[in-house]
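Notes to accompany the following structure.
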Amino acid sequence: MKIALLIFALIFSINKTSAQTAKDFAADWDKQHVSSLPPSNVRHKDLQKYLEQLKQIGLKVEEVGRSYANREIYQIEWGTGATKVFMWSQMHGDEPTATTALLDMFAFLQQNRAKLWVKEMEKALTIRVVPMLNPDGAELFQRRNLQSIDINRDAAVLETPEGRLLKKLRDDWSPAIGFNLHNQNPLTTAGKTDKQATISFLAVLGNAENKSNEGHERNKRLCAVMTLALEYFIKGHIGRYDDAYNPRAFGDMISAWGTPVILIETGALHNKDEQFLVKLNFVAYLSALKSLVDKSEQSANSKIYDALPFNDSGNLFNFIFRNANVVNFAETSEPFTADVAINAERRREGESAPTYIREIGDLSVFSGLEEFDAKDFYLVQKNGLLRIGASGEFLFYKKTRKIDWTAKDLEKTSPPDAIFSNGKWTKGEKLLKKL
Ligand SMILES: [Zn+2]
């Protein structure tokens, strides 16, 4: 009896180590991630420090090229298997999530090499990764490289050193699969809903005729595997990136050159921080890679990917002030009632993000990540003119007050009851009801 129990416990524990689920990967990330900075704050020198850590635990890290400003670009390699997997991140300097997720993934794999499934992965795959392909853009937290060229529109003419390097790394190695890792606008939605597309996938076809091939079909199945893994955390927040063939874009061209590409776009999830997005990426990569190794990818249902709602935009704003009594004091006009929507620019974590007015009028069909009831307040743009593109800095006055809107220096002569600036209440927080 005792022996039977022991055998049972042994089988159970073996099963447990080999049946690594998305939940397990997430728990592993919680316990073992090595990253400490929010991805948007990772500069080139921080990347170098992380890479030093990876080298110290035995990972192969080498400089493979230089950026336009002569910053080192690195490649990490892990595994000895026949299936070649190539991943690159931060081709756009202000799209940092994947860089950190990749570093965490390598540290995790290297430190868990004794585990059976990691051993199998090490034997089956060789993974090469270029984290932060655009270090100059990352330094400035801008999309483009230092030549102000969008590297992802440089696949044909190759005017950027970063683009030339990416092509060379692919051509010299001919990997079987590519992962092109980006961030998308945090206000992107999964379909025509108010649900942020926290992660979006695209199995890139790489030809204008929309002709599929086995590599593309496999990538659709891998997208299905990643979708199922992520649904546990962000159900309803997974989208399908909607993009036509673009002969200047690397995702398309690398697919056309013989390495079928999966595009992963990380968006955002309201009230979740950047590290949460890192964890989702970590879970997605490891789920996909593991399914390649244990061959579960082969029986995955690509219809799960086909059924994902396409990315959509314009349905969602950062902030909407509902039924505001708008006063344009720079023009002599009667107050009028309108919803006012503003969006925040993307900035590094901890930096204040400027906001701009994006829509005014009946916004009942749209949603805001945060909405406020402004029906009992006058809303005044700080400089007096409410228009599309103006700064989203607002003064609020209780409607019961009598205000001389023509007064010089209105803010001083009639101090407002509440002030909203750079996406925050700097005065009178909680005065307007949150909707
Ligand atoms: Zn991008």
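Here is how the numbers come out for the structure above:
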{"item": "Model label zone, A208; criterion: amide N under 19 Å from point 7 Å along Cα-to-beta-carbon; scope region 154-188", "result": "154-158"}
{"item": "Heavy-atom accessible surface of region 248-381: percent carbon and sulfur, 1.4 Å", "result": "46"}
{"item": "Exposed-loop-free span, longest in the chain, where GluC sites (Glu not before Pro) count as exposed if DSSP calls them loop and at most 14 other C-beta atoms lie within 10 Å", "result": "1-158"}
{"item": "Accessible surface of region 96-183 [probe 1.4 Å, protein heavy atoms]: carbon and sulfur percent", "result": "48"}
{"item": "Per residue accessible area of the chain, 1.4 Å probe, in Å²", "result": "45"}
{"item": "Relative contact order for region 324-373, counting Cα pairs under 8 Å that sit 6 or more residues apart, in percent", "result": "30"}
{"item": "Residues of region 319-353 with amide N under 11 Å of the 7 Å Cα→Cβ point at D362", "result": "none"}
{"item": "Principal-axis tilt of helix 97-111 within the chain, Cα atoms, nearest 10 degrees", "result": "30"}
{"item": "Cleavage-rule hits, trypsin sites (Lys or Arg not before Pro), region 294-349, DSSP coil, Cβ neighbours within 10 Å at most 11", "result": "K295"}
{"item": "Under 11 Å, Cβ to Cβ, from D28 - net charge with Lys/Arg +1 and Asp/Glu -1", "result": "+1"}
{"item": "Isotropically averaged projected area of region 281-435, using the convex hull of Cα atoms (one quarter of hull area), nm²", "result": "12.2"}
{"item": "Residues E63 and K235, FRET efficiency given R0 of 56 Å [Cβ-Cβ distance, rounded to 0.05]", "result": "0.85"}
{"item": "√(5λ) per eigenvalue of the Cα gyration tensor, the chain, largest first, Å", "result": "45, 25, 21"}
{"item": "Dmax and Rg, reported as Rg then Dmax, of region 162-308 (C-alpha, Å)", "result": "14.9, 44"}
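The values are calculated or read from the model by the stated rules, or taken from the named source; none is laboratory data. The structure displayed is predicted, hence computed values, not measured ones. Please note: Cβ atoms are built from the backbone with ideal geometry, for glycine as well, and neighbour counts cover all protein chains shown. Remember, those area values only see protein heavy atoms, side chains included, never the ligands or the DNA or RNA. Shrake-Rupley method; radii C 1.70, N 1.55, O 1.52, S 1.80 Å.
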